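The values are calculated or read from the model by the stated rules, or taken from the named source; none is laboratory data. What you see is a predicted model; the values in this text were computed from it and never measured. Neighbour counts run over all protein chains shown; Cβ positions are idealised from the backbone, glycine included. Ligands, DNA and RNA are excluded from the accessible area calculation, which covers all protein heavy atoms including side chains. Shrake-Rupley method; radii C 1.70, N 1.55, O 1.52, S 1.80 Å.
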Amino acid sequence: MEEALIATLREQCDLTDAQYLTLLSGEECTEPLRAAADAVRREQYGTDVYLRGLIEFTNYCKNDCLYCGIRRSNPNVSRYRLTHEEILSCCEEGYGLGFRTFVLQGGEDPYFTDERICEIVSSIKKRWPDCAVTLSIGEKERASYQAYFDAGADRYLLRHETANEAHYAMLHPPELSGAYRKSCLFTLRDIGYQVGAGIMVGSPGQTLSHIVEDIRFLQELRPQMIGIGPFLSHQDTPFRDEPNGELHLTLRLLSILRLTFPQVLLPSTTALGTLHPLGRELGLKAGANVIMPNLSPMRVRKKYMLYDNKICTGDESAQCRSCTERRAAAVGYRVVTDRGDAKGFLRRQ
Ligand code: 5AD
Ligand code: FES
(Lines give C-alpha, C1' and ligand atoms only; values in the text may rest on other atoms or scores of the structure.)
(Ligands and ions follow the chains in the order given, each with its own letter.)
Protein backbone atom coordinates (compact mmCIF):
# COMPACT_ATOMS: atom_id res chain seq x y z
CA MET A 1 0.00 0.00 0.00
CA GLU A 2 2.59 2.52 1.15
CA GLU A 3 5.02 1.35 -1.53
CA ALA A 4 2.45 2.08 -4.23
CA LEU A 5 1.95 5.59 -2.84
CA ILE A 6 5.67 6.18 -2.81
CA ALA A 7 5.95 5.06 -6.43
CA THR A 8 3.09 7.38 -7.44
CA LEU A 9 4.65 10.31 -5.60
CA ARG A 10 7.99 9.66 -7.22
CA GLU A 11 6.44 9.57 -10.67
CA GLN A 12 3.98 12.44 -10.38
CA CYS A 13 5.52 14.60 -7.65
CA ASP A 14 2.03 14.92 -6.22
CA LEU A 15 -0.64 12.98 -4.33
CA THR A 16 -4.21 13.60 -3.24
CA ASP A 17 -4.74 15.08 0.22
CA ALA A 18 -5.86 11.69 1.49
CA GLN A 19 -2.77 10.01 0.09
CA TYR A 20 -0.44 12.60 1.63
CA LEU A 21 -2.22 12.04 4.95
CA THR A 22 -1.66 8.31 4.69
CA LEU A 23 2.05 8.78 4.01
CA LEU A 24 2.40 11.27 6.86
CA SER A 25 0.59 9.14 9.38
CA GLY A 26 2.93 6.12 9.36
CA GLU A 27 4.36 5.44 12.81
CA GLU A 28 7.92 4.85 11.76
CA CYS A 29 10.18 6.49 9.23
CA THR A 30 9.82 3.64 6.78
CA GLU A 31 12.82 2.57 4.78
CA PRO A 32 11.07 2.61 1.35
CA LEU A 33 10.05 6.26 1.72
CA ARG A 34 13.53 7.26 2.84
CA ALA A 35 15.21 5.26 0.09
CA ALA A 36 13.01 6.78 -2.64
CA ALA A 37 13.73 10.31 -1.38
CA ASP A 38 17.46 9.59 -1.19
CA ALA A 39 17.43 8.23 -4.75
CA VAL A 40 15.81 11.42 -6.03
CA ARG A 41 18.26 13.53 -4.03
CA ARG A 42 21.17 11.63 -5.61
CA GLU A 43 19.70 12.04 -9.11
CA GLN A 44 19.49 15.78 -8.57
CA TYR A 45 22.49 16.61 -6.39
CA GLY A 46 24.62 13.48 -6.13
CA THR A 47 26.10 13.22 -2.66
CA ASP A 48 26.83 16.95 -2.38
CA VAL A 49 25.95 18.76 0.83
CA TYR A 50 25.84 22.57 0.62
CA LEU A 51 26.87 24.66 3.59
CA ARG A 52 25.29 27.88 4.81
CA GLY A 53 27.17 29.83 7.45
CA LEU A 54 24.63 31.13 9.93
CA ILE A 55 25.41 34.49 11.53
CA GLU A 56 22.95 35.29 14.29
CA PHE A 57 23.57 39.02 14.33
CA THR A 58 20.90 40.27 16.73
CA ASN A 59 18.61 38.66 19.28
CA TYR A 60 16.53 41.79 19.82
CA CYS A 61 13.02 41.17 18.51
CA LYS A 62 9.93 43.32 18.44
CA ASN A 63 7.72 40.29 17.93
CA ASP A 64 6.24 37.94 20.46
CA CYS A 65 5.79 34.59 18.71
CA LEU A 66 4.55 32.17 21.32
CA TYR A 67 7.07 29.43 20.49
CA CYS A 68 10.23 31.50 20.28
CA GLY A 69 12.80 31.91 23.04
CA ILE A 70 13.89 35.39 21.94
CA ARG A 71 10.33 36.80 21.89
CA ARG A 72 10.17 40.35 23.21
CA SER A 73 8.39 39.45 26.40
CA ASN A 74 11.09 37.05 27.58
CA PRO A 75 12.97 39.12 30.19
CA ASN A 76 15.60 36.41 30.73
CA VAL A 77 17.33 36.93 27.40
CA SER A 78 20.57 38.85 27.50
CA ARG A 79 20.21 40.93 24.34
CA TYR A 80 23.05 41.61 21.92
CA ARG A 81 23.79 43.04 18.51
CA LEU A 82 26.86 42.35 16.42
CA THR A 83 28.61 45.36 14.90
CA HIS A 84 29.18 45.70 11.18
CA GLU A 85 32.84 44.78 11.77
CA GLU A 86 31.95 41.72 13.84
CA ILE A 87 29.63 40.49 11.09
CA LEU A 88 32.39 40.92 8.52
CA SER A 89 34.87 39.02 10.66
CA CYS A 90 32.40 36.12 10.92
CA CYS A 91 32.28 36.09 7.12
CA GLU A 92 36.05 36.28 6.89
CA GLU A 93 36.45 33.30 9.16
CA GLY A 94 33.69 31.49 7.29
CA TYR A 95 35.24 32.15 3.90
CA GLY A 96 38.49 30.60 5.10
CA LEU A 97 36.54 27.57 6.24
CA GLY A 98 34.99 27.11 2.79
CA PHE A 99 31.62 28.79 3.27
CA ARG A 100 30.24 30.45 0.14
CA THR A 101 26.86 31.42 1.55
CA PHE A 102 26.33 33.64 4.57
CA VAL A 103 22.95 33.72 6.24
CA LEU A 104 22.28 36.85 8.27
CA GLN A 105 19.61 35.85 10.73
CA GLY A 106 18.15 37.92 13.51
CA GLY A 107 15.07 38.90 15.41
CA GLU A 108 13.00 41.74 13.98
CA ASP A 109 15.24 44.45 15.39
CA PRO A 110 14.36 48.06 14.52
CA TYR A 111 17.96 49.15 15.19
CA PHE A 112 18.88 47.46 11.92
CA THR A 113 17.25 49.94 9.59
CA ASP A 114 17.10 49.28 5.86
CA GLU A 115 20.12 51.50 5.46
CA ARG A 116 22.18 49.47 7.95
CA ILE A 117 21.12 46.16 6.40
CA CYS A 118 21.98 47.42 2.93
CA GLU A 119 25.41 48.59 4.09
CA ILE A 120 26.14 45.19 5.61
CA VAL A 121 24.93 43.30 2.55
CA SER A 122 26.86 45.43 0.10
CA SER A 123 30.10 45.28 2.03
CA ILE A 124 29.89 41.47 2.20
CA LYS A 125 29.17 41.26 -1.54
CA LYS A 126 31.98 43.69 -2.33
CA ARG A 127 34.56 41.79 -0.33
CA TRP A 128 33.43 38.27 -1.31
CA PRO A 129 31.74 38.59 -4.72
CA ASP A 130 31.73 34.82 -5.14
CA CYS A 131 29.48 34.36 -2.11
CA ALA A 132 25.71 34.40 -1.75
CA VAL A 133 24.08 36.49 0.97
CA THR A 134 20.88 35.22 2.50
CA LEU A 135 18.72 37.35 4.76
CA SER A 136 16.46 35.94 7.46
CA ILE A 137 15.14 39.02 9.23
CA GLY A 138 11.39 38.62 9.08
CA GLU A 139 8.46 40.57 7.72
CA LYS A 140 9.19 43.88 5.99
CA GLU A 141 7.54 46.05 3.40
CA ARG A 142 8.12 45.56 -0.29
CA ALA A 143 10.36 48.63 -0.58
CA SER A 144 12.69 47.25 2.09
CA TYR A 145 12.93 43.84 0.45
CA GLN A 146 13.64 45.61 -2.85
CA ALA A 147 16.38 47.75 -1.27
CA TYR A 148 18.16 44.70 0.21
CA PHE A 149 17.94 42.95 -3.15
CA ASP A 150 19.39 45.97 -4.93
CA ALA A 151 22.19 46.03 -2.36
CA GLY A 152 23.07 42.50 -3.48
CA ALA A 153 21.12 40.09 -1.27
CA ASP A 154 20.51 36.85 -3.15
CA ARG A 155 18.15 34.86 -0.98
CA TYR A 156 15.59 35.31 1.76
CA LEU A 157 14.40 32.82 4.36
CA LEU A 158 10.99 33.40 5.89
CA ARG A 159 9.25 30.33 7.18
CA HIS A 160 5.51 30.58 6.76
CA GLU A 161 5.26 28.51 10.00
CA THR A 162 1.82 27.14 9.04
CA ALA A 163 -0.39 27.74 6.02
CA ASN A 164 -3.56 27.42 8.11
CA GLU A 165 -4.74 30.84 9.31
CA ALA A 166 -6.40 29.60 12.50
CA HIS A 167 -3.31 27.62 13.41
CA TYR A 168 -1.12 30.64 12.60
CA ALA A 169 -3.19 32.63 15.08
CA MET A 170 -2.54 30.03 17.81
CA LEU A 171 1.22 30.40 17.37
CA HIS A 172 1.43 34.17 17.07
CA PRO A 173 0.22 37.30 18.82
CA PRO A 174 -2.83 39.03 17.30
CA GLU A 175 -0.79 41.69 15.52
CA LEU A 176 0.72 39.08 13.19
CA SER A 177 -1.25 37.45 10.41
CA GLY A 178 -0.67 34.41 8.29
CA ALA A 179 -2.03 36.25 5.27
CA TYR A 180 0.60 38.98 5.53
CA ARG A 181 3.34 36.39 6.08
CA LYS A 182 2.30 34.62 2.89
CA SER A 183 2.12 37.85 0.94
CA CYS A 184 5.71 38.65 2.00
CA LEU A 185 6.84 35.38 0.45
CA PHE A 186 5.15 36.12 -2.87
CA THR A 187 6.66 39.62 -2.84
CA LEU A 188 10.13 38.22 -2.24
CA ARG A 189 9.74 35.75 -5.08
CA ASP A 190 8.44 38.48 -7.34
CA ILE A 191 11.43 40.74 -6.60
CA GLY A 192 13.75 37.96 -7.72
CA TYR A 193 15.06 36.40 -4.54
CA GLN A 194 15.66 32.70 -4.13
CA VAL A 195 13.07 32.15 -1.45
CA GLY A 196 12.90 29.78 1.49
CA ALA A 197 9.66 28.99 3.31
CA GLY A 198 8.97 26.29 5.87
CA ILE A 199 7.38 25.12 9.08
CA MET A 200 8.04 23.61 12.47
CA VAL A 201 6.92 20.00 12.70
CA GLY A 202 4.77 19.29 15.74
CA SER A 203 4.09 22.87 16.73
CA PRO A 204 1.29 23.14 19.30
CA GLY A 205 -2.11 22.59 17.69
CA GLN A 206 -0.67 21.25 14.44
CA THR A 207 -2.51 18.37 12.79
CA LEU A 208 -1.46 16.22 9.85
CA SER A 209 -4.11 18.00 7.77
CA HIS A 210 -2.33 21.28 8.48
CA ILE A 211 0.83 19.75 7.05
CA VAL A 212 -1.08 18.80 3.90
CA GLU A 213 -2.19 22.44 3.67
CA ASP A 214 1.47 23.41 4.02
CA ILE A 215 2.38 21.16 1.09
CA ARG A 216 -0.37 22.78 -1.00
CA PHE A 217 0.88 26.25 -0.09
CA LEU A 218 4.43 25.26 -1.00
CA GLN A 219 3.20 23.94 -4.35
CA GLU A 220 1.67 27.33 -4.99
CA LEU A 221 4.73 29.34 -3.86
CA ARG A 222 7.35 27.05 -5.40
CA PRO A 223 10.17 28.20 -3.10
CA GLN A 224 13.77 27.27 -3.86
CA MET A 225 14.31 26.22 -0.25
CA ILE A 226 12.13 24.59 2.38
CA GLY A 227 13.30 24.74 5.98
CA ILE A 228 11.65 22.31 8.35
CA GLY A 229 12.61 21.16 11.81
CA PRO A 230 10.84 19.86 14.88
CA PHE A 231 9.16 22.30 17.26
CA LEU A 232 11.20 22.30 20.48
CA SER A 233 9.87 23.89 23.63
CA HIS A 234 11.57 26.80 25.35
CA GLN A 235 11.24 27.17 29.12
CA ASP A 236 10.49 30.91 29.04
CA THR A 237 7.63 30.78 26.54
CA PRO A 238 3.91 30.04 26.89
CA PHE A 239 4.63 26.71 25.15
CA ARG A 240 7.08 25.56 27.84
CA ASP A 241 5.02 22.44 28.65
CA GLU A 242 4.19 21.48 25.07
CA PRO A 243 5.75 18.28 23.71
CA ASN A 244 8.55 18.48 21.18
CA GLY A 245 7.94 17.58 17.56
CA GLU A 246 8.53 13.96 16.58
CA LEU A 247 11.65 12.69 14.90
CA HIS A 248 9.84 10.23 12.67
CA LEU A 249 7.33 12.73 11.40
CA THR A 250 10.06 15.27 10.64
CA LEU A 251 12.02 12.67 8.68
CA ARG A 252 8.95 11.48 6.82
CA LEU A 253 8.08 15.03 5.87
CA LEU A 254 11.62 15.65 4.64
CA SER A 255 11.31 12.62 2.36
CA ILE A 256 7.86 13.63 1.15
CA LEU A 257 9.15 17.13 0.37
CA ARG A 258 12.13 15.74 -1.56
CA LEU A 259 9.77 13.58 -3.64
CA THR A 260 7.29 16.42 -4.18
CA PHE A 261 9.96 19.02 -5.00
CA PRO A 262 12.88 17.04 -6.48
CA GLN A 263 15.18 20.07 -6.93
CA VAL A 264 14.42 21.91 -3.72
CA LEU A 265 17.17 22.86 -1.29
CA LEU A 266 16.34 21.10 1.93
CA PRO A 267 18.32 21.75 5.11
CA SER A 268 18.88 19.18 7.79
CA THR A 269 18.36 21.60 10.64
CA THR A 270 19.99 22.36 13.95
CA ALA A 271 16.62 21.70 15.60
CA LEU A 272 16.69 18.17 14.17
CA GLY A 273 20.20 17.74 15.56
CA THR A 274 18.98 19.00 18.92
CA LEU A 275 16.07 16.55 19.01
CA HIS A 276 18.30 13.53 18.36
CA PRO A 277 22.09 13.11 18.52
CA LEU A 278 22.12 11.81 14.94
CA GLY A 279 19.23 13.95 13.76
CA ARG A 280 21.12 15.83 11.08
CA GLU A 281 22.60 12.62 9.67
CA LEU A 282 19.14 11.07 9.57
CA GLY A 283 17.87 14.21 7.84
CA LEU A 284 20.51 13.89 5.13
CA LYS A 285 19.61 10.25 4.63
CA ALA A 286 15.93 11.22 4.36
CA GLY A 287 16.55 13.59 1.45
CA ALA A 288 18.04 16.80 2.90
CA ASN A 289 21.04 18.33 1.09
CA VAL A 290 21.95 21.46 3.06
CA ILE A 291 23.48 22.04 6.50
CA MET A 292 23.69 25.41 8.22
CA PRO A 293 26.55 25.42 10.70
CA ASN A 294 26.83 28.31 13.11
CA LEU A 295 29.34 31.08 12.37
CA SER A 296 28.27 33.41 15.18
CA PRO A 297 30.96 34.55 17.63
CA MET A 298 31.33 32.29 20.67
CA ARG A 299 30.31 35.00 23.11
CA VAL A 300 26.78 35.28 21.69
CA ARG A 301 26.01 31.65 20.93
CA LYS A 302 24.16 30.87 24.14
CA LYS A 303 22.12 34.04 23.75
CA TYR A 304 20.41 33.01 20.53
CA MET A 305 18.26 30.32 22.09
CA LEU A 306 15.11 29.91 20.05
CA TYR A 307 14.46 26.67 21.95
CA ASP A 308 16.01 24.81 24.91
CA ASN A 309 19.21 22.74 24.64
CA LYS A 310 20.24 24.07 21.24
CA ILE A 311 23.38 22.29 20.05
CA CYS A 312 26.64 23.90 18.93
CA THR A 313 26.41 26.76 21.43
CA GLY A 314 29.77 25.83 22.96
CA ASP A 315 31.65 25.15 19.76
CA GLU A 316 33.89 27.37 17.66
CA SER A 317 32.97 27.91 14.01
CA ALA A 318 35.91 25.78 12.90
CA GLN A 319 34.72 22.94 15.14
CA CYS A 320 31.21 23.08 13.68
CA ARG A 321 32.67 23.12 10.20
CA SER A 322 34.76 19.99 10.69
CA CYS A 323 32.06 18.31 12.74
CA THR A 324 29.60 18.87 9.88
CA GLU A 325 31.99 17.41 7.35
CA ARG A 326 32.62 14.35 9.51
CA ARG A 327 28.94 13.76 10.16
CA ALA A 328 28.00 14.06 6.48
CA ALA A 329 30.84 11.73 5.45
CA ALA A 330 29.82 9.16 8.07
CA VAL A 331 26.53 8.65 6.23
CA GLY A 332 27.96 8.76 2.71
CA TYR A 333 27.68 12.41 1.67
CA ARG A 334 30.27 15.05 0.91
CA VAL A 335 30.38 18.68 2.01
CA VAL A 336 31.29 20.91 -0.95
CA THR A 337 32.68 24.44 -1.25
CA ASP A 338 30.00 25.97 -3.41
CA ARG A 339 27.32 28.66 -3.29
CA GLY A 340 24.79 25.90 -3.69
CA ASP A 341 22.27 27.85 -5.73
CA ALA A 342 18.90 26.36 -6.50
CA LYS A 343 18.99 24.40 -9.74
CA GLY A 344 17.68 26.28 -12.72
CA PHE A 345 17.57 29.65 -10.95
CA LEU A 346 18.93 32.70 -12.81
CA ARG A 347 19.24 35.99 -10.96
CA ARG A 348 17.35 38.82 -12.63
CA GLN A 349 19.56 41.90 -12.98
N1 5AD B 1 11.40 25.26 18.08
C2 5AD B 1 11.77 25.01 16.82
N3 5AD B 1 11.97 25.95 15.90
C4 5AD B 1 11.78 27.22 16.26
N5 5AD B 1 11.86 28.36 15.56
C6 5AD B 1 11.59 29.39 16.39
N7 5AD B 1 11.32 28.93 17.62
C8 5AD B 1 11.42 27.59 17.56
C9 5AD B 1 11.20 26.54 18.50
N10 5AD B 1 10.82 26.79 19.76
C11 5AD B 1 12.09 28.38 14.13
C12 5AD B 1 10.95 29.12 13.42
C13 5AD B 1 11.64 30.30 12.78
C14 5AD B 1 13.07 29.81 12.66
C15 5AD B 1 14.10 30.90 12.56
O16 5AD B 1 13.28 29.07 13.83
O17 5AD B 1 10.36 28.27 12.44
O18 5AD B 1 11.11 30.65 11.53
FE1 FES C 1 28.50 22.37 15.66
FE2 FES C 1 28.81 19.60 15.43
S3 FES C 1 28.03 21.06 14.03
S4 FES C 1 29.61 20.99 16.96
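Things worth noting here:
- Sequence of Lys62, Lys343, Lys125 when ordered by accessible area, the most exposed leading, probe 1.4 angstrom: Lys62, Lys343, Lys125
- Label separation (Asp308 vs Glu175): 2.8 nm, computed from points 7 Å beyond Cα along the C-beta direction.
- Among the trypsin sites (Lys or Arg not before Pro) within region 260-332, those in coil by DSSP and having at most 15 neighbouring Cβ atoms inside 10 Å are Lys302.
- Per-pair calculated FRET efficiency, R0 = 30 Å: Arg339 and Thr83 via Cβ, rounded to 0.05: 0.70
- Taking 0.36 nm per residue of separation and subtracting the Cα-Cα distance, full extension of the segment from Asp130 to Asp315 would add 63.9 nm.
- Excluding exposed DSSP-loop GluC sites (Glu not before Pro) (at most 10 other C-beta within 10 Å), longest clean stretch of the chain: 176-349
- GNM on the chain, alpha-carbon springs under 10 angstrom: the most fluctuating residue among Arg222, Arg142, Arg334 is Arg142.
- For region 171-191, the residues whose amide N sits under 14 Å from a probe point set 7 Å from the Cα of Glu108 along the beta carbon direction are 171-185.
- Residue among Thr58, Thr83, Thr260 with the largest mean-square fluctuation in a Gaussian network model of the chain, springs linking Cα atoms under 10 Å: Thr83
- Additional length obtainable on full extension of the chain from Met1 to Ala39, 0.36 nm per residue less Cα span: 11.7 nm
- With the whole protein complex present, Leu249 retains an accessible surface near 30 Å², based on a 1.4 Å probe.
- For the chain, the 222 nm mean residue ellipticity estimated from helices alone, with every DSSP H stretch of n ≥ 4 adding -39500 (n - 2.57) and the total spread over all residues, rounds to -13000 deg cm²/dmol.
- With 10 Å bins from 0: P(r) over the chain, alpha-carbon pairs, percent: 5, 26, 37, 25, 5, 0
- Cys131, Cys118, reordered so the largest accessible area comes first (probe 1.4 Å): Cys118, Cys131
- Subtracting the Cα-Cα distance of Lys62 and His276 from 0.36 nm times their residue separation leaves 73.9 nm of extension gain.
- Note that region 156-196, at 37 °C in a medium of 0.692 mPa s, gets a Stokes-Einstein diffusion coefficient of 309 µm²/s from its Kirkwood radius over C-alpha pairs.
- Cross-link pairs Lys62/Lys182; Lys182/Lys303; Lys62/Lys302; Lys62/Lys125; Lys182/Lys310 - those with Cα-Cα distance over 22 Å: Lys182/Lys303; Lys62/Lys125; Lys182/Lys310
- Using a simple spin-label model with pseudo-atoms 7 Å out from Cα toward Cβ, Met298 and Gln235 lie 2.4 nm apart.
- Listed residues Phe261, Phe217, Phe231, most fluctuating in the chain (Gaussian network, C-alpha, under 10 Å): Phe217
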